[in-house]
Amino acid sequence: MSYCTAAVGHPFHGPYHDREYGFPLHDDDALFERLVLEINQAGLSWLTILKKRDAFRSAYANFEIDRVARFTEARRRRLLEDPGIIRNRLKVDAAVENAKRIRAIQRQDGSFREWLDANHPRGKEAWVNLFKKTFVFTGGEITGEFVLSTGYIPGAHDESCPVYPRVLKARPPWTRAGFGRAWRG
């Protein structure tokens, strides 16, 4: 069963599927949020993450990259004691370290989104290799879901899904000229 079918009418999956999944994100903090959520999903269900999303926003300073990059060791310890989020040291440390790395990308490339766009088009394997070199705790599943959910590769929605035309209208990166070559090669 596809996500498009499974999400219909679900109180958490439905709104995420219908309004966010596969749609392009333009704000760096929103992109960072998606990356942190994908990292935290590793080994767990996406439903668990969606249910804890508000707690994640609160714990991670609304996913403001500059603020998370400055989290102290004391702040990290408080995160590990927060029952509203995933209390895993590797995942907490990855969020803080990746915020620092995104800040470096912003200084060099203008924004995280501009960096992603500059590295587009790529197929999933090339994205995974790039993310492994650039970030921490970003293996194949995490990176694959990140680029799929933010519209950098196709496949988030079935073509028969009623959301698919809205995704196309939003012009995710994979719909732009040149993508077909990268996806096939």
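For this structure, a couple of remarks:
- Search result, residues across segment 35-79 that are free of Cβ contacts under 8 Å to residues at least 40 places away in the same chain, assigned to a helix (DSSP H, G or I) and under 22 Å from GLU141 (Cα atoms): LEU37, TRP46, LEU47, THR48, ILE49, LEU50, LYS51, ARG53, PHE56, PHE63
Here's the yes/no breakdown for (1) closer than 16 Å to VAL36 by Cβ; (2) out of contact with any Cys (no Cβ under 8 Å at 6 or more places or on another chain); (3) not charged (D, E, K, R):
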site	(1), (2), (3)
ILE105	yes, yes, yes
ASP117	no, yes, no
ARG122	no, yes, no
ALA126	no, yes, yes
LYS132	no, yes, no
GLY139	yes, yes, yes
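- Among the candidates ILE85, ILE102, residue that is under 20 Å from LEU148 (Cβ atoms) and modelled with pLDDT of 95 or more: ILE102
- Filter pass, PRO83 being closer than 23 Å to PRO24 by Cβ and part of a loop (DSSP other than H, G, I, E, B): no
- Residue in segment 115-127 that is part of a helix (DSSP H, G or I), modelled with pLDDT of 95 or more and farther than 19 Å from LEU25 by Cβ present: yes
- Candidates in segment 19-33 are the residues that are surrounded by fewer than 17 Cβ atoms within 10 Å (Cβ to Cβ) and outside any loop (DSSP other than H, G, I, E, B); of these, the one that is nearest to the chain's Cα centre (by Cα) is ALA30.
- Every residue from segment 146-175 that is among the acidic types (Asp, Glu) and free of Cβ contacts under 8 Å to residues at least 12 places away in the same chain: GLU159
- Taking the listed residues GLY155, GLY151, GLY144, the one that is buried (at least 17 other Cβ atoms within 10 Å of the Cβ), small (Gly, Ala, Ser), at pLDDT 95 or above and in contact with a Leu (Cβ under 9 Å, 6 or more places away or on another chain) is GLY151, with no other qualifying.
The values are calculated or read from the model by the stated rules, or taken from the named source; none is laboratory data. Worth saying up front: this structure is predicted, and the values here are computed from it rather than measured. In this analysis, Cβ positions are derived from the backbone assuming ideal geometry, glycine residues included, and neighbour counts consider all displayed protein chains.
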